[in-house]
Amino acid sequence: MLTCIINFILIISLSVRIVSTRTKRISTSNSLFSLIYLIGQFSYNIQIPILAKYVEESLVSNVELSSIFFRIILLASTFGAILGAISIPTIHRFMSRGVELLHHNHSVINLIKKSISISTVIHLKNSAKWPDKLNFVRLKNMEKMNVEIFILNILVYTFMSTSMLSCLYAGALHPELRTTSLSLSGFAGGIGTIIMLLLVEPYNSILTDKVIEEKVSNAYFRQHLSFVILARIIGTLMSQFLFIPLSKMIVWVAAWI
């Protein structure tokens, strides 16, 4: 469930781009999403100790830890990503009002206080919407797809989905190196993070600005986001193939250092 929540939030983060273009309030949109991002970060901080303890108890009990356990968690990543993709039309409609309220209230605390009401539930109900068929039609137009960004998003999510799990499994494969293996999670996940910060996010930010400046059409922007979402879902699926090789590589690095 925690894995599903984390990946759900990572996917719906793209809705911030849509909200920014609709409300023309980029900074306020990012501030509101920071609140949502904290939920994902909190879930991640709970998840890691739980998984680490499970590995420790398995080792103490001399129970062989199957890779299937971790693959099920990776499958939850895919499920969370798909759920996030389905929810984006609802989330960006719901957040649009939140951005306006935050802009006028100047405080996240005040926004939370005002959000605890029946009207918020009604607004969420009115915002609920299934993805438009047009979003799937856009995916057929491969000519307008930025292939480089599409591939980079796949790589980012492949590494981000499996980095921590590979470190934990590496510790299970070689218990004498489990502390070192776990400490290498930053190294394993850093590959995806570096690609994200240096190449993917700047492109998304610049494209968002161009939409607001009316230099790029909303139709192209929505199509771009559709491809990004698809790439990220594919990335969670590809993590199933990277999981074991990355675990073995982490073991090798842990032994080498």
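Here the sum of -39500 (n - 2.57) over DSSP H runs of 4 or more residues, divided by the residues of the chain, equals -28000 deg cm²/dmol at 222 nm, to the nearest 500. You can think of it this way: the chain between Glu201 and Asn62 has 45.6 nm of extra reach, that is 0.36 nm per residue less the Cα-Cα gap.
In the chain, the sites counted are GluC sites (Glu not before Pro) in DSSP loop states with at most 11 other Cβ atoms within 10 Å, and the longest stretch holding none of them, exclusive of the sites, is 65-212.
Reducing region 21-74 and region 236-257 to their Cα centroids gives an inter-centroid distance of 19 Å. Taking the average, over residues, of other Cβ atoms within 10 Å as the packing measure, peptides 43-50, 202-209 rank 202-209, 43-50 from highest down. Each eigenvalue of the Cα gyration tensor of the chain, multiplied by 5 and square-rooted, gives one semi-axis; in descending order these are 36, 22, 16 Å. Result for the chain in a Gaussian network model with C-alpha springs under 10 Å: among Ile68, Ile11, Ile194, the largest mean-square fluctuation is at Ile68.
Report the gain in length on full extension from Asn126 to Ile151: 0.36 nm times residue separation, minus Cα-Cα distance, nm rounded to one decimal.
Numbers: separation 25, 0.36 × 25 = 9.00 nm, distance 3.56 nm.
Separation in residues times 0.36 nm, less the Cα-Cα distance, equals 5.4 nm.
Each value in this text was obtained by applying a stated rule to the coordinates, not by laboratory testing. A quick note: this is a predicted structure, and the numbers were derived from the prediction, not measured. When we count neighbours, we look across all protein chains shown, and the Cβ atoms used for this are built from the backbone with ideal geometry, even at glycine.
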